[in-house]
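In what follows, a structure is listed as structure tokens, so that the remarks can point back to it.
Laboratory data are not the source of any read-out in this text; all were calculated from the coordinates shown. Everything numeric here is computed off the predicted structure, so don't read it as measured data. Cβ atoms come from the backbone with ideal geometry, glycine included; neighbour counts cover every protein chain shown.
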Amino acid sequence: MKFSIDGFRAWKNKKVTLLGMSGVGKTYLSTLLCGHNWFHYSGDYRIGTRYLDEPILDLIKQQAMQVPFLRDLLRRDWIYIHNNIRVNDLGPVLSFVGKLGDPERGGVALDEFSLRQAAYRNAEIAAMRDVPGFIRKSQEIYGYRHFVNDVGGSLCELDEPSVINLLVEHTLILYIKVTDREEEQKLIERAQSDPKPLYYRPAFLEEQLAVYLNENGLAYAAEMDPDEFTRWVFPRLFHSRIPRYDAIAEPYGYTVTSREITQVRDEADFLALLETVIARTAT
């Protein structure tokens, strides 16, 4: 959605989708707004509790069944395993996605990794298609006035135009962009110091995997250290996503910087920032 200042101020039930890399402040901002009558819809939380819940539990059970003591308890239905995902702790989803590399070092073999990547993509598409329904429920059932859609950093990788069109139809798209070199380096360093599982477009992964294997004299992905590959690939993934985010925000939404987001302390600051970006986009 696009607005004039007057149109935005008159928008009774505001609905905003936050777009950007993990770590730029989407969840921080969503959590802050949740205390000001905004419904916080987390795409990854929806993925973990709805669309990947069973695959996550199956993966955990598969590992547990390798332990004779736990296998006996599970087969007798004396214990059960529960997916305890939280909005601010997406560990089960991250564990399912996994890291590509040597299984002996905690990695996932390429064939299995590709299947999990495809499952995550399908789950993210489904979770975004649920947004209109949750907008309605947030107002009619839970009584929230406004709605914030906290999407995963990989939204720009889905190559599913219908998802973007749906979000544009129902929400204001706000892209949080890292424009400062120092901020960019901090984000990359945080990701490299604590490498987390990532979603990659298949073409991007194929290209980067070939480069990494060649640079390191390896023949197969199963020979890679999972953390080392994730550290190596993250800066490349980061920079490859920037034009993809821009391609969504420029025609359909608005762009703010990650530094501007750090200045937001409450709902009034957020609304003022939105008015500022609407005004500067119109000029």
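Using amide H atoms built in the peptide plane, which far-off residues or other-chain residues are under 5 Å from residue 15 H to H?
Under 5 Å from the amide H of residue 15: 147, 172.
Can you grab the distance from the C-alpha centre of the stretch 180-194 to the C-alpha centre of the stretch 218-250, Å, no decimals?
A separation of 14 Å, based on Cα centres.
Taking every DSSP beta bridge that has both residues in the chain, what percent is antiparallel when rounded to the nearest 5?
On the way: 1 of 19 bridges.
Rounded to the nearest five, the antiparallel share is 5 percent.
Determine, at each q value in 0.07, 0.09, 0.10, 0.16 (inverse angstroms), the log₁₀ of I(q)/I(0) that the Debye formula gives when each Cα of the chain is one equal point scatterer.
-0.29, -0.47, -0.58, -1.30
Just want to confirm a number: the relative contact order over the stretch 26-180, from Cα pairs under 8 angstrom separated by 6+ residues, in percent.
Working: 146 pairs, mean separation 52.3, N = 155.
Value for the stretch 26-180: 34 percent.
Restricting to Cα pairs below 8 Å that are 6+ residues apart, what does the relative contact order work out to for the stretch 148-283? Please round to a whole percent.
Numbers: 79 pairs, mean separation 54.8, N = 136.
So the answer I get is 40 percent.
What list of ³J(HN,Hα) couplings, whole Hz, do you get for the stretch 225-239 from phi and the Karplus terms 6.51, -1.76, 1.60, once you set θ to phi - 60° and write x for glycine and proline?
6, x, 5, 5, 5, 5, 5, 5, 7, 4, x, 5, 5, 3, 6
Could you give each residue of the stretch 2-10 its phi-based ³J(HN,Hα) in whole Hz, using Karplus coefficients 6.51, -1.76, 1.60 with θ = phi - 60°, and x for Gly or Pro?
10, 9, 8, 4, 5, x, 5, 5, 7
Would you mind classifying the stretch 126-182 by shape? Square roots of the alpha carbon gyration tensor eigenvalues, ordered a ≥ b ≥ c; an a/c under 1.5 is rounded, otherwise it is prolate if a/b is larger than b/c and oblate if not. If you can, show how the numbers build up before the last one.
Numbers: a/c = 2.65, a/b = 1.53, b/c = 1.73.
Since a/c reaches 1.5 but b/c is at least a/b, the shape of the stretch 126-182 is classed as oblate.
Provide, in order from the shortest bin, the percent of all Cα-Cα pairs of the stretch 160-244 in each 5 Å bin, continuing until the bin that contains the maximum pair distance.
Percent of Cα pairs in each bin: 3, 11, 19, 19, 18, 14, 10, 5, 2, 1.
Taking 0.36 nm per residue of separation and subtracting the Cα-Cα distance, what length does fully extending residue 83 through residue 31 add?
Values: separation 52, 0.36 × 52 = 18.72 nm, distance 2.16 nm.
Gain in length upon complete extension: 16.6 nm.
Quick one: which residues, 5+ away or cross-chain, put their amide H under 5 Å from the amide H of residue 178? H built at 1.01 Å from N.
Amide H to amide H, under 5 Å and 5 or more residues apart or across chains, residue 178 pairs with 258.
Which of the peptides 52-60, 116-124, 73-81 is most tightly packed, and how do the rest follow, judged by the mean count of other Cβ atoms within 10 Å per residue?
Values: 52-60: 17.1, 116-124: 19.2, 73-81: 10.4.
Top of the packing list down: 116-124, 52-60, 73-81.
Please list, by residue number, every one of the trypsin sites (Lys or Arg not before Pro) in the stretch 1-41 that is coil in DSSP and has at most 10 other beta-carbon atoms within 10 Å.
Details: sites: 2, 9, 12, 14, 15, 26; in loops: 2, 12, 14.
Taking the stretch 1-41 and a limit of 10 other Cβ atoms within 10 Å, the loop trypsin sites (Lys or Arg not before Pro) found are 12.
Restricting to Cα pairs below 8 Å that are 6+ residues apart, what does the relative contact order work out to for the chain? Please round to a whole percent. Kindly include the intermediate steps, with their values, before the conclusion.
Values: 378 pairs, mean separation 93.0, N = 283.
For the chain, the relative contact order is 33 percent.
Rg/Rh for the stretch 136-283: what does it come to with C-alpha atoms and Rh from Kirkwood?
Ratio of gyration radius to Kirkwood radius for the stretch 136-283: 1.04.
Grab the Cα-Cα distance for residue 211 and residue 275, subtract it from 0.36 nm times how many residues apart they are, and report the gain in nm with one decimal. Numbers along the way, then the final one.
Details: separation 64, 0.36 × 64 = 23.04 nm, distance 4.42 nm.
Full extension of this stretch gives 18.6 nm more.
Quick check for you: which residues of the stretch 138-173 have the amide N under 15 Å from the point 7 Å beyond the Cα of residue 204 toward its beta carbon?
Counting backbone N atoms under 15 Å from the label point, the list is 152-160.
Return the distance in nm (one decimal) between the two label points of a simple spin-label model at residue 115 and residue 165, each offset 7 Å from Cα along Cα→Cβ.
My value for the distance between the label points is 3.3 nm.
In debye, nearest 20, what is the charge dipole magnitude of the chain about its Cα centre with +1 on Lys and Arg Cβ and -1 on Asp and Glu Cβ, if you could check?
Numbers: 34 positive and 40 negative charges, 201 e Å.
Computed charge dipole of the chain: roughly 960 debye.
Calculated FRET efficiency, residue 189 and residue 11, Cβ-Cβ r, R0 41 Å, to nearest 0.05?
Numbers: r = 38 Å, r/R0 = 0.94.
Working from the Cβ atoms, E equals 0.60.
For a bin width of 10 Å, list the pair-distance distribution of the stretch 75-134 built from all Cα-Cα distances, rounded to whole %.
Over the stretch 75-134, the share of Cα pairs per 10 Å bin runs 18, 35, 35, 12, 1 percent.
With a 10 Å cut-off between alpha carbons and a GNM built on the chain, which of 213, 167, 29 moves the most?
Of the options given, 213 has the highest mean-square fluctuation.
Between residue 222 and residue 268, what is the label-point separation in nm under the 7 Å Cα-to-beta-carbon projection?
6.2
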